[in-house]
Amino acid sequence: MLFFCLAGCSPTEHPFAEQNGKKYILVYSSPVLSEPVAEIASVYEKSGDCAVDILTGGSAHQVRAIEISKKGDLFFTSVGEYADGLKKKGMASEPYTLGRNRLVYYVTYGNPMGIDGNLSWLENDSIRLVIGSYLTSGAGEQTHRTLQKAGILERVSESIDFLAPDSKSLLKSVADNEADLAVGWESLKYSTVSKGTRTIPIKSPYFGYVPVKAALLNFSVEKSCAEDFLKMAVSPQGLQIFSKYGIENKTK
């Protein structure tokens, strides 16, 4: 099993080739899903016919790479609408729902600034605020869209210290004391990068749960292997692994 970061990769070329006659499937995964996808891959590779290459990056960036390159086998995204969009464009099969996730506040463990779940904190110029880039990050795009619906996007934009490229970078900014507050996926509290942070639910009807999905890409080369991997991911065993990493096995 191989891991690669999408940043810096050419979206017009498949970054892997068959090695020593071994077949590979290329799996796109958002950072928030990379750990459960990797665990499922390690189980699959013990009996499957293909090795698994996991390409990790922000979902928004990955969608553009898929659309340009038309290469790869599977797509796992923290924002289900991205998988739905690929299906509508004829690039993916009907997506499977793996569970749900939601955006929350991340603060330093102990919450020294006394931050609660009110949206007003996002407009507070006295704190260092980080959100995801809507150009590369699923969390960033979802945050951008939600703030727009809430009617506070312009005001919040004036308070942002910097934009993070993906979900784990958001969490790391708080863990490394580069930010006082970040908006990211709740499930990352189970990630290895969450040390030194805590989550706070956001008190707003605009910040609800969103479906987490996976889909088979229609230009899959090793379709049989990709289908077997996807079946394992959506099986009770696979869904239990996702649940262990904070992806609630619920659809509403």
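General remarks:
- When residues of segment 61-106 are limited to those that are open to solvent by 10 Å² or more (accessible area, probe 1.4 Å), assigned to a helix (DSSP H, G or I) and among the aliphatic types (A, V, I, L, M), the one farthest from Ser167 (Cα to Cα): Ile68
- Check on Lys195, charged (D, E, K, R) and either open to solvent by less than 50 Å² (accessible area, probe 1.4 Å) or out of contact with any helix residue (DSSP H, G or I) (no Cβ under 8 Å at 6 or more places or on another chain) (or both): no
- Residues being assigned to a helix (DSSP H, G or I), open to solvent by 20 Å² or more (accessible area, probe 1.4 Å) and either closer than 19 Å to Ser34 by Cα or touching a Phe, Trp or Tyr at 6+ places or on another chain (Cβ under 6 Å) (or both) - total across segment 211-236: 5
- Qualifying position, being on the phi > 0 side of the Ramachandran plot and either open to solvent by 20 Å² or more (accessible area, probe 1.4 Å) or touching a Gly at 6+ places or on another chain (Cβ under 7 Å) (or both), among Asn177, Asn118: Asn177
- Residue satisfying all of: in segment 237-247; farther than 30 Å from Lys70 by Cβ and either among the hydroxyl-bearing types (Ser, Thr, Tyr) or touching a helix residue (DSSP H, G or I) at 6+ places or on another chain (Cβ under 8 Å) (or both); surrounded by the most Cβ atoms within 10 Å (Cβ to Cβ) among these: Gly246
- Contact map, segment 163-182: residues that are under 16 Å from Val79 (Cβ atoms) paired with residues that are open to solvent by 40 Å² or more (accessible area, probe 1.4 Å) and of a type in the set (A, V, I, L, M), Cβ distance under 6 Å, separation 6+ or inter-chain. Pairs shown: Lys168/Val193.
- Matching entry among Ser30, Ser42, Ser69 (being among the hydroxyl-bearing types (Ser, Thr, Tyr), within 15 Å of the chain's Cα centre (by Cα) and modelled with pLDDT of 90 or more): Ser30
- Condition check for Asn218: modelled with pLDDT under 95 and over 30 Å from Ala179 (Cβ atoms): no
- Of residues in segment 145-159 being touching a Leu at 6+ places or on another chain (Cβ under 6 Å) and farther than 14 Å from Gly184 by Cα, the one surrounded by the fewest Cβ atoms within 10 Å (Cβ to Cβ): Leu153
The values are calculated or read from the model by the stated rules, or taken from the named source; none is laboratory data. On a predicted model such as this, the values are computed, not experimentally measured, just so you know. Every residue, glycine among them, receives a Cβ derived from its backbone with ideal geometry; neighbour counts consider all protein chains shown. Accessible surface areas use protein heavy atoms only, side chains included; no ligands, DNA or RNA. Shrake-Rupley method; radii C 1.70, N 1.55, O 1.52, S 1.80 Å.
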